[in-house]
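Worksheet: the structure to be examined is printed underneath.
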Ligand code: SF4
């Protein structure tokens, strides 16, 4: 059985993580949380991009207070990210956070962790126990001769046990490393040892291009082994890109059905229209549609129609014109400048019919 099918189902607001639920996509805001309106605006953009759960940092009491206003204006669960000061975690929970992400190791004494656990328990909020390769405890670094997958796993399980011993098990575990191979190994190890759902991500993965590749490789392997209940792609960039990348990774692995797929040819000397720009626009246009439609954007009428046969809807470029095709059948020839608008009409109709 896949690990994710047997994990504990943990409620994070309206989203269930684990227990075989669909793998959810998370992101993190990069606005000042204290600035509720900027944070709300960003979360609404992320919702539109398909984000399932959002996390915001809570570095001050003012940020915890802002959670009240933020909660009122968004539609997805929000997780408070707290380091060092347990009072901030408690305050964020009091302000309506659906979950809190802490590393019990940097929250301080057991009593302080207990106060956070009590606040979460009172509200049925989930706790994400996060450990990170950058902050692995000294004794584990010494025990394993450096920062290792084994050390990360032991640290995470110790923290989960600490909270369990306080009588709470509404937990999600995350073990993060910026080293892809270490991440894979750590997830394989922890999956053998826990039934808590796992939040998977490659931390500090890099800029949009590099980070998306590192995350795709790491998450691709881990998810394909049946491990991982919720994911975040960490990118140095607009968090909307994190959501897009996360969804594409799930789509490529067959773990996400309710979104369109765009295939496009790499272009070559036969390409007769501005395909690179068209493919980008088509991708943008279709991404919000919440259903499984396959779209192809091909550069020529020689190989395009053959290659587009598998697609529900296809555009094939010709000299100043494009062929619109549906399930391999030609619908009509359209001048290049009208191609996008005509494609949109067909796409919208197709989506309507799928949803009907
Ligand atoms: Fe070249 Fe046509 Fe193939 Fe695109 S579909 S790569 S333009 S041959």
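The values are calculated or read from the model by the stated rules, or taken from the named source; none is laboratory data. Note that this is a predicted model, so its numbers are computed, not measured. Neighbour counts are summed over all protein chains in view; Cβ atoms, including those assigned to glycine, are modelled from backbone coordinates with ideal geometry.
Of all the residues in region 267-306, those that are surrounded by fewer than 16 Cβ atoms within 10 Å (Cβ to Cβ), within 21 Å of residue 327 (Cα to Cα) and within 14 Å of the ligand (Cβ to nearest atom) number 3. Looking across 319, 309, one residue alone is under 29 Å from residue 50 (Cα atoms), within 15 Å of the ligand (Cβ to nearest atom) and in a loop (DSSP other than H, G, I, E, B). It is 309. Being more than 16 Å from the ligand (Cβ to nearest atom) and over 30 Å from residue 222 (Cα atoms) is true of residue 327. A single entry from 251, 214 fulfils the requirement of being on the phi < 0 side of the Ramachandran plot, out of contact with any helix residue (DSSP H, G or I) (no Cβ under 8 Å at 6 or more places or on another chain) and more than 16 Å from the ligand (Cβ to nearest atom): 251. Among helices (runs of 4 or more DSSP H) entirely within region 1-102, having at least 2 residues that are over 18 Å from residue 197 (Cβ atoms) and free of Cβ contacts under 8 Å to residues at least 12 places away in the same chain singles out 36-49.
Any residue at all in region 29-45 that's within 20 Å of residue 127 (Cα to Cα), at pLDDT 95 or above and in the same structural domain as residue 215 (by TED's automatic domain parsing)? For region 29-45, residues within 20 Å of residue 127 (Cα to Cα), at pLDDT 95 or above and in the same structural domain as residue 215 (by TED's automatic domain parsing): present.
Quickly run through region 103-132 and pick out the residues that are in a loop (DSSP other than H, G, I, E, B) and within 22 Å of residue 177 (Cα to Cα). 103 - this is the single residue of region 103-132 that is in a loop (DSSP other than H, G, I, E, B) and within 22 Å of residue 177 (Cα to Cα).
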